[in-house]
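A.B. asks: One structure, as structure tokens, below. Some questions next.
The values are calculated or read from the model by the stated rules, or taken from the named source; none is laboratory data. Because the structure is predicted, anything quoted here is derived from the model rather than measured. Cβ placement follows ideal geometry from the backbone for every residue including glycine, while neighbour counts extend to all protein chains displayed.
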Amino acid sequence: MSKKIVIVFEGIEGSGKTFHIKHVSNYLKKKKISHVTIREPGGSKNSEKIRKLILNNKSNFQKNTDLLLYLAARSENISYLKKFYKKKIILLDRFTDSTLAYQHFGMGVSLDIIKKINDHILNNFKVNFTFLNIVNEKNMIKRLRKRVKLNRYDKFNKDFYRRVQKGYLKLSKNKKNYQIIDSNLSIKTNKKNIINKIEKLIR
């Protein structure tokens with residue numbers, strides 16, 4: 001039997017995290033391993049409503065409002081995920097480190113405030129492993145240009161994404177439950193590296 005763990009895929013826009021989480025999900029389906037995949041913001045029914053509000057190109061929220069909307073979406077997801085926790089493998093496309101990277105390192109919101117609200121919302125819901133996808137500026141821009149439609153978070157300036165990615169790397173430093181995936185390498189190489197790690201994690 002596979003271990004029922006929580007695995008998160010993190011990274012800035014264009015880093016390949018969504019591609020890889022879909023690949024892992026397909027791999028688990030082929031192996032007939034029960035799992036649930038969810039994105040943030042979004043995922044559960046109510047969280048998807050909040051996602052539309054956050055990412056709408058016409059939205060122009062103050063940074064604290066943005067934070068609270070993201071955390072409200074997470075609160076809805078945690079309520080939804082509790083029925084699967086330790087019963088199925090849970091794959092998350094973004095989670096708490098996204099909030100720290102974007103809202104704290106990117107926008108300058110108080111780290112203490114973010115952590116306190118997060119802790120209250122999570123209520124012992126724990127992540128077992130995180131894949132951090134990193135990407136250089138050239139490839140990020142190239143990939144964003146290929147997208148049919150860009151949301152509000154796809155349109156920040158380069159300095160913002162630099163701060164966010166540096167924040168991610170700071171969060172991952174000296175942590176054993178992190179693996180950095182260099183998205184500037186070939187997709188084939190990264191797919192293999194990720195699946196190899198997934199096999200070890202769930203064995």
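Condition check ((1) at pLDDT below 95; (2) in contact with a helix residue (DSSP H, G or I) (Cβ under 6 Å, 6 or more places away or on another chain)) across all residues:
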{"residue": "Lys45", "(1), (2)": "yes, no"}
{"residue": "Asn77", "(1), (2)": "no, yes"}
{"residue": "Tyr102", "(1), (2)": "no, yes"}
{"residue": "His120", "(1), (2)": "no, no"}
{"residue": "Thr130", "(1), (2)": "no, no"}
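A.B. asks: Val8 passes all but one of (1) over 21 Å from Asn123 (Cβ atoms); (2) aliphatic (A, V, I, L, M); (3) crowded, with 19+ Cβ neighbours inside 10 Å; which number fails?
C.D. replies: Every listed condition holds for Val8 apart from (1).
Conditions (1) surrounded by 18 or more Cβ atoms within 10 Å (Cβ to Cβ); (2) small (Gly, Ala, Ser); (3) touching a residue at least 24 places away in the same chain (Cβ under 8 Å); (4) on the phi > 0 side of the Ramachandran plot, marked per residue:
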position: Lys82; (1), (2), (3), (4): no, no, yes, no
position: Asp112; (1), (2), (3), (4): no, no, no, no
position: Phe131; (1), (2), (3), (4): yes, no, yes, no
position: Val135; (1), (2), (3), (4): yes, no, yes, no
position: Lys142; (1), (2), (3), (4): no, no, yes, no
position: Leu150; (1), (2), (3), (4): no, no, yes, no
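A.B. asks: Working only within the range 3-31, note down all residues that are within 30 Å of Phe160 (Cα to Cα), among the polar types (S, T, N, Q) and assigned to a helix (DSSP H, G or I).
C.D. replies: Thr18
A.B. asks: Let me ask something additional. Is it true that some residue in the range 171-189 is within 28 Å of Ser59 (Cβ to Cβ) and part of a helix (DSSP H, G or I)?
C.D. replies: yes
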